[in-house]
1. Output the residues belonging to the range 19-32 that are over 19 Å from the mean Cα position of the chain (by Cα) and either touching a residue at least 40 places away in the same chain (Cβ under 8 Å) or crowded, with 17+ Cβ neighbours inside 10 Å (or both).
2. What pairs can you find where one residue is in the range 216-241 and under 14 Å from Ser290 (Cβ atoms), the other is in a loop (DSSP other than H, G, I, E, B), and their Cβ atoms are less than 7 Å apart, with a gap of 6+ or different chains?
3. Restricting attention to the range 127-152, which residues are in contact (Cβ under 8 Å) with a residue 60 or more places away in the chain and either among the aromatic types (Phe, Trp, Tyr) or over 21 Å from Leu89 (Cα atoms) (or both)?
4. So Thr167 passes all but one of these: (1) surrounded by 16 or more Cβ atoms within 10 Å (Cβ to Cβ); (2) of a type in the set (Val, Ile, Thr); (3) at pLDDT below 90. Which condition number does it fail?
5. Of these, Leu250, Leu246, Leu241, which one is among the aliphatic types (A, V, I, L, M), closer than 26 Å to Ser168 by Cβ, touching a Phe, Trp or Tyr at 6+ places or on another chain (Cβ under 9 Å) and in a loop (DSSP other than H, G, I, E, B)?
6. What's the number of the only condition in (1) within 18 Å of the chain's Cα centre (by Cα); (2) surrounded by 20 or more Cβ atoms within 10 Å (Cβ to Cβ) that Ser15 fails to meet?
7. For the range 258-286, how many residues are in contact (Cβ under 8 Å) with a residue 60 or more places away in the chain and not in a helix (DSSP H, G or I)?
8. Scanning for something without any contact (Cβ under 8 Å) to a residue 24 or more places away in the chain, surrounded by fewer than 22 Cβ atoms within 10 Å (Cβ to Cβ) and on the phi < 0 side of the Ramachandran plot, does the range 180-192 turn up at least one residue?
Amino acid sequence: MNMTKLFLLIIMMMSSLITVSSNNWMGMWMGLEINLMAFIPLISSSKDKKSSQAMMIYFLTQSLGSITFLFSILLNSMLFISPMFIMELTKMMIMIGLMIKIGAAPFHMWLPEMMSNLGWMDCLILMTWQKLAPLTVMNSMIPNNMIVYFSSGMSAMIGAIGGLNQTSLRKILAYSSINHGGWMLLFMSMNSMWYKYLMIYSIMMFMICILFYKKNTYFINQINSPSYSMMEKYTYVMMMLSLGGLPPFLGFLPKWMVIQSMIKSNLNLLLIVMMLFSLITLFFYMRMMSSMILLYSLINKYSNLENKLPLFSMMFMNLSLPLFSVISFF
């Protein structure tokens, strides 16, 4: 990593911390804009037409979200003594501006197209760190629950259906990010521990993106290649099952917390909808896994144990962290 990228990463992280720690709207907006200005040169550093296209998509959508957010907070400050419905309207517009920024449905169209033109490390940042500041701003205001419920249900549906016929791994993970974003929004409206969901999701995405980055894998047919050792295949299978939310893997823990909160809030119908669409996402995860395990099972007999240690650590995290987390509840 060169010094320019390191400098941009530091600015991007500091700007998110500015947004998180700010106690006024303008400070939050300033942090979001600095974050935007740092991430754009980070994704456009390569001399590739695809990265330039991704940069333009990101700039236009984030600008639209920023304009909506800024207009809403200015309108809210000018109409301090105003009818209640106008105050609710400005809050709704703030939520819409932030949903555009994180790619929540129905403002999700830009995310899969952009991610298909990015490298794996940029995709990792976009799916994890770039969600932190907008979600924190959403959490700091009194949410309009109907908007959150609608966006959560739409995100779960679009994230599930959109990933069914995809062959690009980056697009599949983009739709998976939309689906998990719906769960995060729902958790945020009921519980202040939504950041635990984001943290666990970030750990899962880090392991998946690192594996694909090291193997230079971008499409499903590349996963089916015999170049993957059996240990790498098992690690990949465990990470996909974890991302799908199956017990006893790491990804089950945040969904379990959301389900508990929804039962306590009597959101039974929405819970059924979210779980049904999660089953659809699990279907296309398992479709990828079955073709890899059943059709290609070449084992490298002379592989070195030293090369397997990172894979063992990934498997250990997926299996042991849920156990430690459950124990910590008691």
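The values are calculated or read from the model by the stated rules, or taken from the named source; none is laboratory data. Being a predicted model, the structure only gives us computed values, none of them experimental. Virtual Cβ from ideal backbone geometry, glycine too; neighbours counted across all protein chains shown.
1. Narrowing the range 19-32 to residues over 19 Å from the mean Cα position of the chain (by Cα): 21-31.
Selection gives Ser22, Trp25, Met26, Met28, Trp29, Gly31.
2. So the pair list comes out as Ile220/Thr167; Ile223/Thr217; Asn224/Tyr296; Leu241/Phe249.
3. Met127, Thr128, Trp129, Gln130, Lys131, Leu132, Ala133, Tyr149
4. Unmet for Thr167, out of (1) surrounded by 16 or more Cβ atoms within 10 Å (Cβ to Cβ); (2) of a type in the set (Val, Ile, Thr); (3) at pLDDT below 90: (1).
5. Details: Leu250 fails: touching a Phe, Trp or Tyr at 6+ places or on another chain (Cβ under 9 Å); Leu241 fails: in a loop (DSSP other than H, G, I, E, B).
Going through Leu250, Leu246, Leu241 in turn, the sole match is Leu246.
6. (1)
7. 2
8. Checked against the condition, which is being without any contact (Cβ under 8 Å) to a residue 24 or more places away in the chain, surrounded by fewer than 22 Cβ atoms within 10 Å (Cβ to Cβ) and on the phi < 0 side of the Ramachandran plot, the range 180-192 yields no hits at all.
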